[in-house]
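Before any comments, here is the structure.
The values are calculated or read from the model by the stated rules, or taken from the named source; none is laboratory data. As the structure is a prediction and not an experimental result, all values here were calculated from the model. Here the Cβ positions follow ideal geometry from the backbone for every residue, glycine too, while neighbour counts run over all protein chains shown. Side chains are part of the model used for accessible areas, which takes the heavy atoms of the whole protein and leaves out ligands, DNA and RNA. Shrake-Rupley method; radii C 1.70, N 1.55, O 1.52, S 1.80 Å.
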Amino acid sequence: MTSEKLTSRGSLSTPEGFKANVLAALQLARKDLAARHEKANFIRIIMRFPKIRAVFDRLRAIHHRCDKSGDGQVDVGELTEAMTELFNEGRAQGRDPIRPEVVARTMSISEVEEEGAPKNQELDVKQFIVMCAVGFILAEEDNNLSTFGGMLASGDDAYRSAMKDVVTAYLSFDREGKGYFTADEFNGAFFTDERWAELDVSGDGKVEFEEFVYAFSKWVSDDEDDDDEETEDGKSILDKQEKAVNFTRIIMRFPQIHAVFDRIRTTHAKIENIFMLSDLDHHGMEEGLDVKEFIVFCAVGFILAEAGGKSAKLATGAVSDNDKEYRKAMMDIVGAYLTFDKDAKGYFTSDEMHTAVAANKKKDAGSLLTPERWRELDIDHSGKVDFEEFVFAFSTWVTAMDDEDEE
């Protein structure tokens, strides 16, 4: 972040002053994005969930080490001891000594609880992640301040990047950097009422930064509870076109789908003789299928096998973890397609796509499904998009961040 200071900073020893410092830090982060000519884009952050999750997993391990009593909570004494170790290791070089009142205030603001719930100056894992995020932005805004979240950022590029992603994710809703956002601002960005309920922990109709991080930490680490449930039979989804499909939910699973596509790429590289079923660019048998066409080939083969009840299984009859994730990714693709081809007639038109988006504008990714996206979908310019064309374009959307990450 830039070194610019804002005049709205207050005393860290009072609740009001502490809040003012958090607000100043958020405003500074917003100005930093503007200076780099970047917009806070939540879809881009979703694509970085695996990297953020890796950092959050490390924070969970740190929370466990700090929890000397083993009660699942970190208290002031345990946190101060951990901060002192980091300080002595030189992780706060050039900063002021640890201030107990700052530690206490940071813990207090991080104790995200329902309205009226008592605070006991102890943090569970998610509250601990909130504390690290709050400490990070405060330390970024004040070069002299020593916080736990700021110390962890010293010399750790992955942690710093993840925390900046958290701040950017928040600012994608609080675009003015005013310190909170409302349900209208959130739903206008295509998310659901259920997500809002997870965010507005206090129930006051506003979500502040610490509340956002509390819910966000769950989203990053949550596979939509799919791993805890039996995998739904593929044919049942194909037989239930009337079931509403939320395209936003599919976007939230882009990282998992991306991982499956990476596996498909590996398989593609090893296969020499492939059928031309999915040769969308009509290059013929001589050139075979490129990677995206091969993904189409796999998706078409999957639904044909599912319709015939011939799901891929191991010799023992059990499905491996990878196969479960492959099935879920393929089901997500089918579900995404059926968002627009609601009658499962084998294609959808531009009007149907826009009707589906308009009918669910608070739940679906209307900002993603633009006229430009339609041109990507309608490969043969027929005015209709069949399943193969949809998968071809969809694979591009899922992997859109790859080229940027390599730069």
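Things to note:
- Options Glu81, Glu89: the member that is closer than 18 Å to His64 by Cα, open to solvent by 50 Å² or more (accessible area, probe 1.4 Å) and of a type in the set (D, E, K, R): Glu81
- Of residues in the stretch 131-178 being under 20 Å from the mean Cα position of the chain (by Cα) and part of a loop (DSSP other than H, G, I, E, B), the one farthest from Pro15 (Cα to Cα): Ser172
- Of all the criteria given as (1) assigned to a helix (DSSP H, G or I); (2) crowded, with 21+ Cβ neighbours inside 10 Å; (3) out of contact with any Gly (no Cβ under 9 Å at 6 or more places or on another chain), the one not satisfied by Phe181 is (1).
- Among the residues of the stretch 92-111, those that are part of a loop (DSSP other than H, G, I, E, B), in contact (Cβ under 8 Å) with a residue 40 or more places away in the chain and either within 16 Å of Gly155 (Cα to Cα) or open to solvent by less than 30 Å² (accessible area, probe 1.4 Å) (or both) comprise Ala92, Gln93, Gly94, Arg95.
- Contacts under 8 angstrom Cβ, first residue in the stretch 281-309 being closer than 22 Å to Asp262 by Cα and buried (at least 21 other Cβ atoms within 10 Å of the Cβ), partner among the small types (Gly, Ala, Ser) and modelled with pLDDT of 80 or more, 6 or more apart: Lys292/Ser395; Ile295/Ser395; Val296/Ser395
- No other residue among Phe136, Phe148 is modelled with pLDDT of 90 or more and either open to solvent by less than 20 Å² (accessible area, probe 1.4 Å) or out of contact with any Pro (no Cβ under 9 Å at 6 or more places or on another chain) (or both) apart from Phe136.
- Close pairs from the stretch 12-30: first among the aromatic types (Phe, Trp, Tyr), partner not in a loop (DSSP other than H, G, I, E, B), Cβ under 9 Å, at least 6 apart: Phe18/Val102; Phe18/Arg105; Phe18/Thr106; Phe18/Ser108; Phe18/Ile109; Phe18/Leu138
- Any chance Lys310 is assigned to a loop (DSSP other than H, G, I, E, B), more than 20 Å from Phe254 (Cβ to Cβ), of a type outside the set (Gly, Ala, Ser) and at pLDDT below 75: yes
- Looking only at residues of the stretch 337-354 that are of a type in the set (Asp, Glu) and assigned to a helix (DSSP H, G or I), we find that the one that is farthest from Phe390 (Cα to Cα) is Asp351.
- Pick from the stretch 22-50, criterion outside any loop (DSSP other than H, G, I, E, B) and open to solvent by 80 Å² or more (accessible area, probe 1.4 Å), ranking: modelled with the lowest pLDDT: Arg44
- Residue match in the stretch 51-70 (condition: under 19 Å from Leu145 (Cα atoms), within 25 Å of the chain's Cα centre (by Cα) and either open to solvent by 30 Å² or more (accessible area, probe 1.4 Å) or touching a residue at least 40 places away in the same chain (Cβ under 8 Å) (or both)): no
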